[in-house]
Protein chains: 2
Amino acid sequence: MANRYQPLDALAALGDPTRRRIFERLLTGPLAVHELAEGMPVTRPAVSQHLRVLAEAGLVTAHAEGTRRVYAVSPDGIGALRAWMDEFWGRALDGFRAAAEDAAKET
Amino acid sequence: MANRYQPLDALAALGDPTRRRIFERLLTGPLAVHELAEGMPVTRPAVSQHLRVLAEAGLVTAHAEGTRRVYAVSPDGIGALRAWMDEFWGRALDGFRAAAEDAAKET
DNA sequence: ACCTAGAGTAAGTCGATACTTACCGTTAGT
DNA sequence: ACTAACGGTAAGTATCGACTTACTCTAGGT
């Protein structure tokens, strides 16, 4: 039951602003938990909990480094999310086209 | 204060599974509210409320048609979301590269 | 050995939000 | 005009989830 994440989880995970902020900070490079918590408006345990969600969504990975746990972005999660998105985008255009034709019919 | 939506709103909006399901059904073409509510596990007012959120996020548009309100997907929302995503994707790759170099340094 | 730092987990709280039912306005058909 | 269909809104509830403090565990330094 390790990497059982879908793009949906990533979507929900990035829906939260705090989580998005954490993730964005990780985009600049790997960081330990207490480093991440530094500039945040929330406490370190809160950050830990968010990181857990992000990890379950496949958006970040962690590895131990002494007593520190260093988190880094994982391309897997957003990769899947982006792929899903592209397909979505295509279907959205189709849907929009259908809507346009539907509207044209009304004239 | 009409179209003041950012990709962030769209992310949060699509985070909810019910809302995602509504949106996905709209991808097949425009639908009236009661038609949307048909196959849903929730009541029509709930669908209405979700549609409001989706509209505020710029993901759908509505137009009156008699007493019915027909909703359709709007490319604006996901367009912006997709653009944001692509930029994110690029930065994620950079971040991942930074993480990899960081890991290489540890050897 | 001991203490400190780093971080995950438990338990509890509080606000947001996804739902419900009830109601009201509007449009169309007869 | 009357009625029915459609759908948004109000008000209330209840669940979820973001956050806190307190704790426990592990790894390193001295």
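Given the conditions (1) touching a strand residue (DSSP E or B) at 6+ places or on another chain (Cβ under 8 Å); (2) within 16 Å of DNA strand C (Cβ to nearest atom); (3) under 22 Å from B:D86 (Cα atoms), report the number of the one that A:A57 does not fulfil. Condition not satisfied by A:A57: (1).
Of all residues in the stretch A:73-87, none are within 8 Å of DNA strand C (Cβ to nearest atom), aliphatic (A, V, I, L, M) and modelled with pLDDT of 90 or more.
Yes or no, residue by residue, for (1) closer than 18 Å to B:G15 by Cα; (2) more than 10 Å from chain B (Cβ to nearest Cβ):
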| residue | (1), (2) |
| --- | --- |
| A:A32 | no, yes |
| A:A37 | no, yes |
| A:M40 | no, yes |
| A:G66 | no, yes |
| A:R82 | yes, no |
| A:M85 | yes, no |
| A:F96 | no, no |
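With respect to (1) touching a residue at least 12 places away in the same chain (Cβ under 8 Å); (2) on the phi > 0 side of the Ramachandran plot, the lone exception for A:G66 is condition (1).
Could you run through the stretch B:44-63 and say how many residues are more than 8 Å from DNA strand D (Cβ to nearest atom) and either within 21 Å of A:A92 (Cβ to Cβ) or free of Cβ contacts under 8 Å to residues at least 24 places away in the same chain (or both)? Walk me through it before giving the result.
Taking the stretch B:44-63 first, the residues more than 8 Å from DNA strand D (Cβ to nearest atom) are B:46, B:50, B:53-61, B:63.
Filter once more, keeping what is either within 21 Å of A:A92 (Cβ to Cβ) or free of Cβ contacts under 8 Å to residues at least 24 places away in the same chain (or both): B:50, B:53-61, B:63.
The qualifying residues number 11.
Give the residue that is nearest to the other protein chains (Cβ to nearest Cβ), with candidates limited to residues of the stretch B:9-24 that are free of Cβ contacts under 8 Å to residues at least 40 places away in the same chain and within 14 Å of DNA strand D (Cβ to nearest atom).
At the first step, the residues of the stretch B:9-24 found to be free of Cβ contacts under 8 Å to residues at least 40 places away in the same chain are B:15-22, B:24.
Then drop every residue that is not within 14 Å of DNA strand D (Cβ to nearest atom), which leaves B:15-20, B:22.
Working: B:G15: 3, B:D16: 8, B:P17: 7, B:T18: 12, B:R19: 10, B:R20: 7, B:I22: 13 Å.
Filtering the stretch B:9-24 for residues that are free of Cβ contacts under 8 Å to residues at least 40 places away in the same chain and within 14 Å of DNA strand D (Cβ to nearest atom), the one nearest to the other protein chains (Cβ to nearest Cβ) comes out as B:G15.
Got a number for residues in the stretch A:1-53 being at pLDDT 95 or above, more than 8 Å from DNA strand C (Cβ to nearest atom) and among the polar types (S, T, N, Q)? Total satisfying the criteria: 2.
The values are calculated or read from the model by the stated rules, or taken from the named source; none is laboratory data. Predicted model only: the values in this text are computed from it and were never measured. Please note: Cβ atoms are built from the backbone with ideal geometry, for glycine as well, and neighbour counts cover all protein chains shown.
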